[in-house]
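The values are calculated or read from the model by the stated rules, or taken from the named source; none is laboratory data. Predicted model, so just to flag it, every value in this text is computed and none were measured. All Cβ positions, glycine included, derive from the backbone under ideal geometry; neighbour counts span all protein chains shown.
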Amino acid sequence: MADCIFCRIATGEIPATIVRRTPEAVAFRDLTPQAPAHVLIIPTRHLAAVRDAREPADQAELGRLLQFAAEVATELGLDEGGYRLVANTGKNGGQSVFHLHFHLLGGRPLGWPPG
């Protein structure tokens, strides 16, 4: 999608601090981190939100994206202390960029409820 900032990051059109990349997914540092480790995990293919993953191929992609996020967490050294993986969906869910993404947060104790 030409007007999607995350699609443009995935293609390299917009620079980002890339943590990890595969043909299917990109992990990059959030510009306004809410924790010492705050990485966004996105599929390279545009999908607006978790709720839009209705087809079997989309659901398989979600599984691979979660595995990718777990691998990034391990690479960042977050396994021992723990981390949070969040997917905001829709306006009331706090989604501000309508390209499916997970926030990977860690490096400090994370309170509950989140907000």
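Laid out as a table, the results:
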| read-out | value |
| --- | --- |
| I14, sole failed condition from (1) in contact with a Lys or Arg (Cβ under 8 Å, 6 or more places away or on another chain); (2) in a loop (DSSP other than H, G, I, E, B); (3) touching a residue at least 40 places away in the same chain (Cβ under 8 Å) | (3) |
| Selection from the stretch 19-35 of residues that are in a loop (DSSP other than H, G, I, E, B) and either under 16 Å from L85 (Cα atoms) or touching a Cys at 6+ places or on another chain (Cβ under 7 Å) (or both) | D30, P33, Q34, A35 |
| Looking only at the stretch 94-115, and only at residues there that are surrounded by fewer than 18 Cβ atoms within 10 Å (Cβ to Cβ) and in contact (Cβ under 8 Å) with a residue 60 or more places away in the chain, the one that is farthest from E71 (Cα to Cα) | V97 |
| Flag if V86 is of a type in the set (A, V, I, L, M, F, W, C), without any contact (Cβ under 8 Å) to a residue 40 or more places away in the chain and touching a His at 6+ places or on another chain (Cβ under 7 Å) | yes |
| Filtered residue count, the stretch 18-66, keeping only those that are aromatic (F, W, Y) and either modelled with pLDDT under 95 or touching a Pro at 6+ places or on another chain (Cβ under 6 Å) (or both) | 0 |
| Close pairs from the stretch 26-50: first basic (K, R), partner modelled with pLDDT of 95 or more and surrounded by fewer than 16 Cβ atoms within 10 Å (Cβ to Cβ), Cβ under 6 Å, at least 6 apart | R29/T17 |
| Close pairs (9 angstrom Cβ cut-off, 6 or more residues apart or separate chains): part of a helix (DSSP H, G or I) in the stretch 57-79, acidic (D, E) and surrounded by 12 or more Cβ atoms within 10 Å (Cβ to Cβ) anywhere | D58/D52; E61/E24; R64/E24; L65/E24; F68/E24; A70/D79; A73/D79 |
| Residue in the stretch 80-92 that is touching a helix residue (DSSP H, G or I) at 6+ places or on another chain (Cβ under 9 Å), farther than 22 Å from F6 by Cα and surrounded by 15 or more Cβ atoms within 10 Å (Cβ to Cβ) present | yes |
